[in-house]
1. Between 77, 28, 92, which is at pLDDT below 95, out of contact with any strand residue (DSSP E or B) (no Cβ under 8 Å at 6 or more places or on another chain) and loosely packed, with under 15 Cβ neighbours inside 10 Å?
2. Of all residues in segment 13-25, which are surrounded by fewer than 14 Cβ atoms within 10 Å (Cβ to Cβ) and either in contact with a strand residue (DSSP E or B) (Cβ under 6 Å, 6 or more places away or on another chain) or farther than 14 Å from residue 250 by Cα (or both)?
3. If you go through segment 289-317, how many residues are part of a loop (DSSP other than H, G, I, E, B), at pLDDT 95 or above and surrounded by 18 or more Cβ atoms within 10 Å (Cβ to Cβ)?
4. Go through segment 298-326 residue by residue and tally those that are farther than 13 Å from residue 269 by Cβ and free of Cβ contacts under 8 Å to residues at least 60 places away in the same chain.
């Protein structure tokens, strides 16, 4: 089927190709993980990610599979602070030293139907001991709610310590104008730049998400547009650019005849390596390693290559390993 024109038709295309939504409890988070991350000053610190449960994002992006981790109805008041309280209790019971925390709700933190405004105080009350708090948002929702959250964080900072710094992660996805339009994200590069400037004025840092092998970008142009997209993100003031391999399997992407080819692990290594080679002096460039194995065709070299990508994330320098004896891949990042 041909990918349609128009927002309503594209929404229908995406929605009718979904599978069943798993049932989620609005009062329970979906997991807490702790990973190392390199900071702007070169230190490596423990960073927790809390996968919060809340209402689905109002946008119907063609590449998104995060709706599987959401609920269809509005998030009840008090549910997000309750989830965060449970997550913080879990973190206190671990040996990891954590200074940063990501609150990822599979949508936009500044969507009041996903995170009620009244919950900001309860959220901030539980975050006073962290140096940095990172939330995610669609660029079109950046506005006064950023101020309210930052002010709440200031009020509830730990005694004798600076209040947590607020960082907002936004998906630029790609700077290719036609592809960005067809992703059904309902924003432009100019919208992203405007939101980035709003964050700067409000004293919040910016983290940008970019897709590796996004749909609607011709394969021969993928390298060019990835580097162009990284350039745009850093030009907008991003302190961090995270490259996310585009995951198939959400229904809509699988129906795009000739418009999408999932990346291989080779593609991921090449994209990360080129971005690092050209733009690493402008800020940190990470590659998302979640569910990375699905992109690998060789079990013999996967763990070695994953470890190397993780090391590049932490060291922010290119690392070269020997080629795999079985498949010959993995020699050049």
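The values are calculated or read from the model by the stated rules, or taken from the named source; none is laboratory data. Only a predicted model underlies this, so the values are computations on that prediction, with no experimental measurement involved. Backbone-built Cβ (ideal geometry, glycine too); neighbour counts: all protein chains shown.
1. 92
2. Passing the criteria: 23, 25.
3. Result for segment 289-317: 0.
4. Result for segment 298-326: 7.
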